[in-house]
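Visitor: Here it is, the structure in full.
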Number of protein chains: 2
Amino acid sequence: MRVADLTEEELLARIVPELPGGDATLVGPGDDAAVLAAPDGRYVVTTDVLVEDRHFRRAWSSGADLGRRAAVQNLADVAAMGAVPTALVVTLAVPGDLAVDWVVGIARGLAHVCAPLGVGVVGGDLSGAPVVVVGVTAHGDLAGRAPVLRSGARPGDVVAHAGVLGRSAAGLALLDGSVADPDPALVAAYLRPSSPLAAGPAAARAGATAMLDVSDGLLRDAGRLARASGVRVDLAASALGGSVDELREAARRVGADPWAWVLGGGEDHGLLAAFPADVPLPDPFRAIGTVVPADPTAADVTVDGAPARVGPGWDHFAGGQPRR
Amino acid sequence: MRVADLTEEELLARIVPELPGGDATLVGPGDDAAVLAAPDGRYVVTTDVLVEDRHFRRAWSSGADLGRRAAVQNLADVAAMGAVPTALVVTLAVPGDLAVDWVVGIARGLAHVCAPLGVGVVGGDLSGAPVVVVGVTAHGDLAGRAPVLRSGARPGDVVAHAGVLGRSAAGLALLDGSVADPDPALVAAYLRPSSPLAAGPAAARAGATAMLDVSDGLLRDAGRLARASGVRVDLAASALGGSVDELREAARRVGADPWAWVLGGGEDHGLLAAFPADVPLPDPFRAIGTVVPADPTAADVTVDGAPARVGPGWDHFAGGQPRR
């Protein structure tokens, strides 16, 4: 059955029962707006959009994969503020010939990530479109803590990372290269990324001075933290070697440089944070560098004090070439 | 200059300065998430998506028109809960060959609506896409009042409406029919709808028992209120005659029935509410009907006690035919 075979209300009637209610939900789907609790008098909000043939391909991703990915990337942004995710709203624009099961799969993927966390999917909007476009807006609760911004890192801080590095890029490269029997864990890291969401509030409690979600590659996102804070981030190659070693076999199969994936690959959705040097790092953060004073003659991010050897991340528009 | 001529950061650098800060904004754009104030410990949230060639055409709408429309339709949903709008986040997916000025126009259109209200545009996401897709998530503050749901109307209540009826549909029909010298006020009602946003909180203060935004046509949205409340809505034709008369000339020019626009036309973004009979209606609400007990043998919505003579509203998917 295709989307075009149902009215909008019939399609909604299949989607809404799949959506988790959420612990902070006072009024859920079905009215003009949802009502959410904000017990500390503030809330965080972030939004992201995933577009077919830019961010995903239907040949590779199921609807459930897409729903999981859309949820994770937004919840990671909430966690990167030090907040606990509470609720999502979702816009879904799909072609009329898309299978209804595929759309219901998106809802199930969202629920797979959100339900165990008590995160509600509390509203949305459906439309037709020539390609699948999923927009998610995520909300979170700071639980009385100050938000952890990108701008608070100070020289002497330890730079630490929680999550994986380069695995999503490796999975994408294996799919893109049509490699036979690709490492299923790497393919899954691309199709269904996970993020150490609890590490965000843990970092805030531990006194993190700056934090962000690594969505566009370690170098590029570290550069954002460095510029926002007016500092330089110096990464330690030795601390990244384990991530690189894990990807050597996959890199060999597609003729890639595993360092490029670890330093430049996007969409891993780990958390990068700076901590005062005397703070024990909360699990699962591990130190990967240090914050040093900004130097106008050096890059914002260095590796062992020297410029890094791969370009930073990727861009949606440059040259008009989609990279995803 | 086209979008593809800029990097994502360069495009953002042109958009972000156009966006209003907002009275409730604690942390604005530039971090992983924004932080908003929720002084009463709750907030309302709603989301909508506008897709090129479904909801608008670039041949008719400027970027600024689209931004205004995207803001208004979401703020109307906030107002329909009885809440005061506080902030938006926006996703924007656009083709690489779109003019940068057109995208900046969207930001200016959002700002045109939001800035005078103290509503911030506090975050967003950019992507490429084959057509323009704008997703807006709007937030609002209930200021200590209970949200006004669709489900509270009781027999004996007065049904009242604030805003215009059928004018957006008339404007669309004039454009669609390529009528020479179309009434500019009607065309503007379609391209740049306005909503009586202050009427939402005013209705809540006055004791409205149910309310919703009229986005899919009066009959269809009144039917939603009726079903959610377990009642029937009986509209008074005499109270709608003024709206019909205003549209007679436009209807004559395109061979349409002005009653179809008033009863079935979407996207006017007025507010439909039920009030106890003894409550003075707050400005600019006017009575257009009454709430009567549900009758399993009658329609959810009647006009002068009889079934209405046009079909209800429009649907995004039915038959696969876009109606916008």
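Visitor: Starting from the range B:107-134, keep only residues that are away from chain A (no Cβ under 14 Å) and under 19 Å from A:ASP125 (Cβ atoms), then list their pairs with residues that are open to solvent by less than 10 Å² (accessible area, probe 1.4 Å) and part of a loop (DSSP other than H, G, I, E, B) whose Cβ atoms are within a distance under 9 Å, requiring at least 6 positions of separation or different chains.
Guide: B:VAL113/B:VAL119
Visitor: State whether one or more residues within the range B:84-96 are in contact with a Ser or Thr (Cβ under 7 Å, 6 or more places away or on another chain) and hydroxyl-bearing (Ser, Thr, Tyr).
Guide: Yes - at least one qualifying residue is present in the range B:84-96.
Visitor: Follow-up question, since we're still on this one. What about A:ALA70, is it among the small types (Gly, Ala, Ser), within 9 Å of chain B (Cβ to nearest Cβ) and part of a helix (DSSP H, G or I)?
Guide: Judged against the criteria, A:ALA70 is not a match.
Visitor: Being open to solvent by less than 10 Å² (accessible area, probe 1.4 Å), more than 10 Å from chain A (Cβ to nearest Cβ) and closer than 16 Å to B:LEU212 by Cα is the requirement here; does B:LEU75 meet it?
Guide: Considered against the rule, which asks whether it is open to solvent by less than 10 Å² (accessible area, probe 1.4 Å), more than 10 Å from chain A (Cβ to nearest Cβ) and closer than 16 Å to B:LEU212 by Cα, B:LEU75 comes out as yes.
Visitor: Are any of the residues in the range B:157-168 under 22 Å from A:THR91 (Cβ atoms), in contact (Cβ under 8 Å) with a residue 12 or more places away in the chain and of a type in the set (Lys, Arg)?
Guide: No, because not a single residue in the range B:157-168 is under 22 Å from A:THR91 (Cβ atoms), in contact (Cβ under 8 Å) with a residue 12 or more places away in the chain and of a type in the set (Lys, Arg).
Visitor: When the residues of the range A:124-134 are narrowed to those that are part of a strand (DSSP E or B) and in contact with a strand residue (DSSP E or B) (Cβ under 6 Å, 6 or more places away or on another chain), which ends up most open to solvent (accessible area, probe 1.4 Å)?
Guide: A:GLY124
Visitor: Which residues, taken from the range A:255-265, are surrounded by fewer than 17 Cβ atoms within 10 Å (Cβ to Cβ) and either in contact (Cβ under 8 Å) with a residue 40 or more places away in the chain or among the charged types (D, E, K, R) (or both)? Before you say what the answer is, go through the steps one by one.
Guide: First, pick out the residues of the range A:255-265 that are surrounded by fewer than 17 Cβ atoms within 10 Å (Cβ to Cβ): A:255, A:257.
Listed by number, the list holds a single entry, A:ASP257.
Visitor: Looking only at the range A:22-32, how many residues end up being under 20 Å from B:ASP48 (Cα atoms), more than 7 Å from chain B (Cβ to nearest Cβ) and open to solvent by less than 50 Å² (accessible area, probe 1.4 Å)?
Guide: Residues flagged as under 20 Å from B:ASP48 (Cα atoms), more than 7 Å from chain B (Cβ to nearest Cβ) and open to solvent by less than 50 Å² (accessible area, probe 1.4 Å) within the range A:22-32 amount to 2.
Visitor: Shifting gears a bit: Of the residues that make up the range A:183-190, is at least one among the hydroxyl-bearing types (Ser, Thr, Tyr) and crowded, with 20+ Cβ neighbours inside 10 Å?
Guide: yes
Visitor: Looking only at the range B:189-223, which residues are closer than 19 Å to B:ASN74 by Cβ, touching a Lys or Arg at 6+ places or on another chain (Cβ under 9 Å) and among the small types (Gly, Ala, Ser)?
Guide: Residues satisfying the conditions are B:ALA189, B:SER194, B:ALA204.
Visitor: Let me ask another. Return yes or no: is A:VAL121 open to solvent by 10 Å² or more (accessible area, probe 1.4 Å) and more than 16 Å from the chain's Cα centre (by Cα)?
Guide: no
Visitor: I've got another one for you. Does B:GLY96 satisfy the criteria of being in a helix (DSSP H, G or I), farther than 26 Å from B:ALA210 by Cα and of a type in the set (Gly, Ala, Ser)?
Guide: The answer is no for B:GLY96.
Visitor: Filter the range A:135-171 down to residues that are more than 14 Å from chain B (Cβ to nearest Cβ) and over 21 Å from the mean Cα position of the chain (by Cα) and give me whichever is least open to solvent (accessible area, probe 1.4 Å).
Guide: If we take residues in the range A:135-171 being more than 14 Å from chain B (Cβ to nearest Cβ) and over 21 Å from the mean Cα position of the chain (by Cα), then A:ASP157 is least open to solvent (accessible area, probe 1.4 Å).
Visitor: Please determine, by comparing only the residues of the range B:2-21 that are within 7 Å of chain A (Cβ to nearest Cβ) and part of a loop (DSSP other than H, G, I, E, B), which one is surrounded by the fewest Cβ atoms within 10 Å (Cβ to Cβ).
Guide: Filtering the range B:2-21 down to residues within 7 Å of chain A (Cβ to nearest Cβ) leaves B:3-4, B:6-8, B:11.
Filter once more, so that each one left must be part of a loop (DSSP other than H, G, I, E, B): B:6-7.
Working: B:LEU6: 19, B:THR7: 14.
Looking at the filtered set, the residue picked out is B:THR7.
Visitor: Any idea how many residues of the range A:33-64 are facing chain B (nearest Cβ under 7 Å), open to solvent by 10 Å² or more (accessible area, probe 1.4 Å) and more than 16 Å from the chain's Cα centre (by Cα)?
Guide: 4
The values are calculated or read from the model by the stated rules, or taken from the named source; none is laboratory data. Because the structure is predicted, anything quoted here is derived from the model rather than measured. Ideal geometry is used to build each Cβ from the backbone, glycine not excepted, and the neighbour counts take in all protein chains shown. With ligands, DNA and RNA removed, areas are computed over all heavy atoms of the protein, side chains included. Shrake-Rupley method; radii C 1.70, N 1.55, O 1.52, S 1.80 Å.
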